[in-house]
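Trainee: Below is the structure I would like to discuss, written out as C-alpha cells.
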Amino acid sequence: MESISAADLARQVIDACLADRTWPQRALDALLERALGDDKREAAEASRAFFSIVIERLADLFEPALVDVYVRLFSHVAHRALPQFETAALVHRYRRISHVGRYRGSDVERVYVLSRITLGADIAVTSVFLDAMKRRFPDAEICFVGPPKNAELFLDDPRILPIAVNYGRSALLLDRVTAAKELEEILDDSASIVIDPDSRLTQLGIVPVCDDARYFFFESRAYGGDSPATLPMLADQWLQETFGLGGAPYLAPELDDTEAEIAVSLGVGENEEKRIGDEFEEAVVRQLMTYGRPILIDRGAGGEESDRVDALVERLAAPHLVKTHTGPFSSFARQILGSRFYFGYDSAGQHAAAAGGVPLVSVFAGFASERMFERWKPTGPKGGLGQVLRIGDAERASALGRTQRAIAETVEAAGLA
C-alpha cells in the first residue's frame, strides 16, 4: 500500500462504495493512517483525497442507498480519529436521529442553527431554518453557529446572534473531526435546542455534539427520495413536518451602496468542471455590455479567480461600464440584492440572487448526478424571473448559444433591454 498514492487509495474506496455498497478495508485504513499520521504533508494530501474523492462524491450523488454507506464508513473514520466513539454506536445513533419526528417541546431560550460551512449552502439551506426558527420561537435567541464570514450574510438581521466556530475545508482530517468537540462546550445549554441542517461541523450528523433529546437533524441527502424538489423546498417540508411551519431562503448582509445594475460572478469554488471557459465568459459579458447598464464582476477570494477576472476586464477595455468588486462575499451579496439582473455559474451568487428575487441566468455544469442538479437549483421565496441552464458534458458546445438566448429573454422580461 505504501507505493499507492493517496488519490489512488481514495479512488479504490469510492469505486467499491459505488459498485458494491462497501469498501476495501485495507485501502481505507491505509488512507486513514496517512491522513491521521504525524507527517503533515502526507496527512494533508491524504485528507484532501479522502474528502474530495470519497466524501464529496458520496454526498453529491444524493442517492439514498449511499447514505448508509456514508454512515458506516464515516463512523469508522470517527472511531479512528476519536477512539472514544464506537463505530457501531455511532451508526445506531445516526439511524435514530435521522428519523423525522414532531417537536413536542415547549418554548426555549435559544435555538442554535449550525452552519453548512459553504456560503451557497448557508443561503440555500441554513437560512431556511433560521427563517422558520425566528417565527416558531419569537422570544428565543436564534444563534447562527459557524464561520464569521458566513455569519456576515445575516449581519443586518437583529434576530440572528452569530457564534463563531471555524472549520477549515482544507484542514487535516483530525482537525475537521475534532471541530465538533468545540461545539460541545457551546451547545452545553439545557435551555436550548440544536438544528443541524446536515452540517460539516458534525460530519453530516455523525459526531455527537449535544444531548440527542435537544438535537434535530435534517438529513438532506436521502430526504425527498426520488423527488425533483430543490434543497430549500425539502428544508421547508422537513420544517413543516418537524416544527409545524416552514421557511424560505433569505439573507441580510450589512447595508451598502449599490454600484451596478448587473452583477456577475464567474467563481466556481475551485471546481473547474463548473466553468465553460474564457471565451464563453468574455462573450457573455460583452453581450451584457450591449444593454448599456453598469456591470459589477466579483473578483472572488483572490488567486486564480481574481487573476481571471482582472484579465477579462482588461480585454473588455470598458472602465466606464464594467467594474470589479473586491472584498468578502457578503459585500458582493449586498450588491446582488441591489442589482436588477445576475449572471453566474453554480455558486453562492445564484442562491443570493434567488433569495432576493433578482432575475438571474445561472449556468449549471459539472454536476455529479441529475439529482444533484435538481437539489441545488437556485430557489427563492419570491418566484421571480430566471433560467437555470443544465450543461452536461455533451452540451458544452452549445452552452454559449443557449446562454445568450436565456440572457436576452430574461433581460427583456426584467425591463433592462
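Trainee: Being at pLDDT below 95, in the same structural domain as S331 (by TED's automatic domain parsing), among the aliphatic types (A, V, I, L, M) and not in a strand (DSSP E or B) is the requirement here; does A301 meet it? Quick ask: steps written out before the conclusion?
Mentor: On the way: at pLDDT below 95: yes; in the same structural domain as S331 (by TED's automatic domain parsing): yes; among the aliphatic types (A, V, I, L, M): yes; not in a strand (DSSP E or B): yes.
Considered against the rule, which asks whether it is at pLDDT below 95, in the same structural domain as S331 (by TED's automatic domain parsing), among the aliphatic types (A, V, I, L, M) and not in a strand (DSSP E or B), A301 comes out as yes.
Trainee: Kindly provide the set of residues from the stretch 377-399 that are surrounded by 22 or more Cβ atoms within 10 Å (Cβ to Cβ) and in contact with a Ser or Thr (Cβ under 7 Å, 6 or more places away or on another chain), ordered by number.
Mentor: Within the stretch 377-399, K377, P378, T379, G386 meet the criteria.
Trainee: Right, another one. Inside the stretch 136-215, counting only strands (runs of 3 or more DSSP E) that do not spill past its ends, which hold 1 or more residues that are small (G, A, S) and in contact with a Lys or Arg (Cβ under 7 Å, 6 or more places away or on another chain)? Before you say what the answer is, go through the steps one by one.
Mentor: Values: elements: 141-146, 160-164, 192-196.
It comes to 192-196.
Trainee: Out of the residues in the stretch 242-275 that are closer than 21 Å to V309 by Cβ and of a type in the set (A, V, I, L, M), which is surrounded by the fewest Cβ atoms within 10 Å (Cβ to Cβ)?
Mentor: Selected residue: V268.
Trainee: For F62, which of the numbered conditions (1) part of a loop (DSSP other than H, G, I, E, B); (2) over 22 Å from the mean Cα position of the chain (by Cα) fails to hold?
Mentor: So the condition that F62 fails would be (2).
Trainee: I've got another one for you. For residues in the stretch 228-241 being touching a residue at least 60 places away in the same chain (Cβ under 8 Å), more than 16 Å from the chain's Cα centre (by Cα) and more than 12 Å from T126 (Cα to Cα), which is surrounded by the most Cβ atoms within 10 Å (Cβ to Cβ)? If you could, list the steps in order and put the result at the bottom.
Mentor: Looking only at the stretch 228-241, we keep the residues that are touching a residue at least 60 places away in the same chain (Cβ under 8 Å), and these are 228-236, 238-239, 241.
Among the residues that remain, those that are also more than 16 Å from the chain's Cα centre (by Cα) are: 228-229, 236, 238-239, 241.
Subsequent filtering for residues that are more than 12 Å from T126 (Cα to Cα) retains 228-229, 238, 241.
Numbers: P228: 12, A229: 18, W238: 24, E241: 14.
Result: W238.
Trainee: Determine whether the stretch 191-201 contains at least one residue that is more than 22 Å from K134 (Cα to Cα), out of contact with any helix residue (DSSP H, G or I) (no Cβ under 7 Å at 6 or more places or on another chain) and among the acidic types (D, E).
Mentor: The answer is no; no qualifying residue exists.
Trainee: So, A180, is that one in contact with a helix residue (DSSP H, G or I) (Cβ under 8 Å, 6 or more places away or on another chain), buried (at least 21 other Cβ atoms within 10 Å of the Cβ), over 28 Å from G300 (Cα atoms) and in contact (Cβ under 8 Å) with a residue 24 or more places away in the chain or not? Step through it out loud before you land on a result.
Mentor: Numbers: in contact with a helix residue (DSSP H, G or I) (Cβ under 8 Å, 6 or more places away or on another chain): yes; buried (at least 21 other Cβ atoms within 10 Å of the Cβ): yes; over 28 Å from G300 (Cα atoms): yes; in contact (Cβ under 8 Å) with a residue 24 or more places away in the chain: yes.
For A180, the condition - in contact with a helix residue (DSSP H, G or I) (Cβ under 8 Å, 6 or more places away or on another chain), buried (at least 21 other Cβ atoms within 10 Å of the Cβ), over 28 Å from G300 (Cα atoms) and in contact (Cβ under 8 Å) with a residue 24 or more places away in the chain - is met.
Trainee: Output yes when any residue across the stretch 339-350 is farther than 29 Å from D198 by Cα, without any contact (Cβ under 8 Å) to a residue 24 or more places away in the chain and not polar (S, T, N, Q), and no when none is.
Mentor: Keep residues of the stretch 339-350 that are farther than 29 Å from D198 by Cα, which gives 339-341.
Right, trim to without any contact (Cβ under 8 Å) to a residue 24 or more places away in the chain and you get none.
There is no residue in the stretch 339-350 that is farther than 29 Å from D198 by Cα, without any contact (Cβ under 8 Å) to a residue 24 or more places away in the chain and not polar (S, T, N, Q).
Trainee: Output the residues belonging to the stretch 329-351 that are within 15 Å of D122 (Cα to Cα) and assigned to a loop (DSSP other than H, G, I, E, B).
Mentor: Within the stretch 329-351, D346, S347 meet the criteria.
Trainee: Return the residue satisfying two criteria in turn: it lies in the stretch 14-44 and is in contact (Cβ under 8 Å) with a residue 60 or more places away in the chain and among the hydrophobic types (A, V, I, L, M, F, W, C), and of such residues it is farthest from S170 (Cα to Cα).
Mentor: Filtering the stretch 14-44 for residues in contact (Cβ under 8 Å) with a residue 60 or more places away in the chain gives 32, 35-36, 40, 43-44.
Pick out the ones that are also among the hydrophobic types (A, V, I, L, M, F, W, C) and you get 32, 35-36, 43-44.
Working: L32: 16, A35: 12, L36: 14, A43: 11, A44: 8 Å.
Restricting to residues being in contact (Cβ under 8 Å) with a residue 60 or more places away in the chain and among the hydrophobic types (A, V, I, L, M, F, W, C), the top hit is L32.
The values are calculated or read from the model by the stated rules, or taken from the named source; none is laboratory data. All of these numbers come straight from a predicted model, not from anything done at the bench. Because the Cβ atoms are built from the backbone with ideal geometry, glycine has one as well, and the counts that use them run over all protein chains shown.
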